[in-house]
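Comments concern the structure below.
What follows is calculated from the coordinates using simple rules that are stated; it is not laboratory data. This structure is a prediction, so every number in the text was calculated from the model and none was measured. FYI the Cβ positions are ideal-geometry reconstructions off the backbone, even for glycines, and counts take in every protein chain you see.
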């Protein structure tokens with residue numbers, strides 16, 4: 001097709017994106033959505049995902065996702081199913097789920113949703129192998145700041161459909177007490193939530209988090225994350241990107257990436273000056289690591305309950321099917 005209709009939520013209108021970017025620079029904590037803004041960043045992220053994500057490189061992990069999708073498809077008996085891919089990324093996992101759902105006689109609808117227009121279009125393209133374009137509704141929004149998503153999804157083109165929300169690989173990039181209430185508010189009694197979490201393998205939580213650090217501290221990740229700073233006018237010679245592990249919220253550990261300035265640098269963004277001193281740092285990325293027990297415990301706090309879970313043999317990925325408690 002020569003055109004695609006994309007709905008853009010107000011949370012990603014220019015004035016709100018401008019506000020979020022300035023807040024990121026003022027607080028020295030970059031909102032992760034700014035790593036998916038451009039086509040260039042999208043392509044770098046997709047290359048990184050292909051090279052380092054266990055969901056792409058580990059056949060046993062791929063088989064775990066496949067098993068989760070097969071068993072989830074069997075659990076949904078509704079005649080109409082609306083798959084809503086929150087943080088859809090490139091949409092590879094959603095597309096595989098759609099392929100399995102299409103093997104039944106059910107009518108399937110799909111909403112790929114992301115903060116990035118390029119990402120939603122990539123996910124849409126993947127989905128069109130299994131769905132007609134009239135059943136696919138790309139939707140751009142910032143899940144962290146959008147306040148009326150319940151109303152929007154309730155007015156979907158498939159109002160009588162049972163909703164299956166997917167949220168693959170996204171939970172680690174949000175503060176738990178910010179994202180879990182958002183997810184809980186979207187899930188109605190008849191709906192399902194299918195999501196994945198990056199896990200710390202083994203019985204020693206701290207050692208497990210340390211083991212997976214190379215999945216982040218590598219050349220492709222450096223290149224992807226530094227694109228944000230370079231596009232703002234910061235030079236590679238201004239400092240270096242360092243990865244580490246720190247204690248986060250709710251007794252969870254997380255991997256962080258911070259750019260440490262070795263010399264002073266001033267940039268101007270939307271007419272506002274930002275001065276970075278030598279020795280100062282800016283956090284540009286974080287990713288929480290969970291365990292299956294920590295996933296279940298945190299979901300219950302927000303009215304959600306794990307019905308079934310599928311864990312990769314490596315212990316580094318888990319897929320969880322949830323409903324309202």
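A compact table of results
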{"item": "Computed E for residue 47/residue 150 - FRET, C-beta separation, R0 30 angstrom, nearest 0.05", "result": "0.30"}
{"item": "Efficiency of FRET between residue 58 and residue 106 - r from beta-carbon atoms, R0 30 angstrom, step 0.05", "result": "0.50"}
{"item": "Protection proxy ranking of 116-129, 167-180, 150-163 - average other beta-carbon atoms within 10 Å, highest first", "result": "116-129, 167-180, 150-163"}
{"item": "On Cα atoms only, tilt of 92-101 relative to the major axis of the chain in degrees", "result": "0 degrees"}
{"item": "Longest to shortest principal axis, alpha-carbon extents of the stretch 63-185, angstrom", "result": "37, 33, 27"}
{"item": "For peptides 49-61, 282-294, sequence by mean Cβ density within 10 Å, most packed first", "result": "282-294, 49-61"}
{"item": "Prolate/oblate/rounded label for the stretch 281-325 (Cα gyration tensor, a/c 1.5)", "result": "oblate"}
{"item": "Computed [θ] at 222 nm, deg cm²/dmol, the chain (DSSP H ≥ 4; -39,500 (n - 2.57); rounded to nearest 500)", "result": "-11000 deg cm²/dmol"}
{"item": "Extension gain (nm, one decimal) between residue 280 and residue 235, 0.36 nm per residue minus Cα-Cα", "result": "14.7 nm"}
{"item": "DSSP-defined beta bridges in the chain - what % are antiparallel, rounded to 5", "result": "60 percent"}
{"item": "Tilt relative to the chain, helix 14-27 - C-alpha long axis, 0 to 90 degrees, to 10", "result": "50 degrees"}
{"item": "Length added when fully stretched, residue 251-residue 27, from 0.36 nm per residue minus Cα-Cα", "result": "78.3 nm"}
{"item": "Cα gyration tensor shape of the stretch 142-269, rounded if a/c is under 1.5, else prolate or oblate by comparing a/b with b/c", "result": "oblate"}
{"item": "Cβ-Cβ FRET estimate between residue 218 and residue 160, R0 fixed at 56 Å, reported to 0.05", "result": "0.75"}
{"item": "Sequence-separation-based contact order of the chain, relative, with Cα cut under 8 Å and 6+ spacing, percent", "result": "20 percent"}
{"item": "Identified option (computed Rg and Dmax of the Cα atoms in Å; candidates [x] 19.6, 62; [y] 17.9, 54; [z] 23.3, 75)", "result": "[x]"}
{"item": "Choice from 198, 135, 148 showing the highest fluctuation, given a GNM over the chain with Cα pairs closer than 10 Å", "result": "148"}
{"item": "Mean separation of Cα contacts under 8 Å (6+ apart) over length of the stretch 231-325, as relative contact order %", "result": "20 percent"}
{"item": "Helix 59-75 vs. the chain, principal-axis angle (Cα, 0 to 90°, nearest 10)", "result": "40 degrees"}
{"item": "Calculated diffusion of the stretch 201-243, Stokes-Einstein form, Kirkwood radius summed over Cα pairs, 4 °C and 1.567 mPa s, µm²/s", "result": "107 µm²/s"}
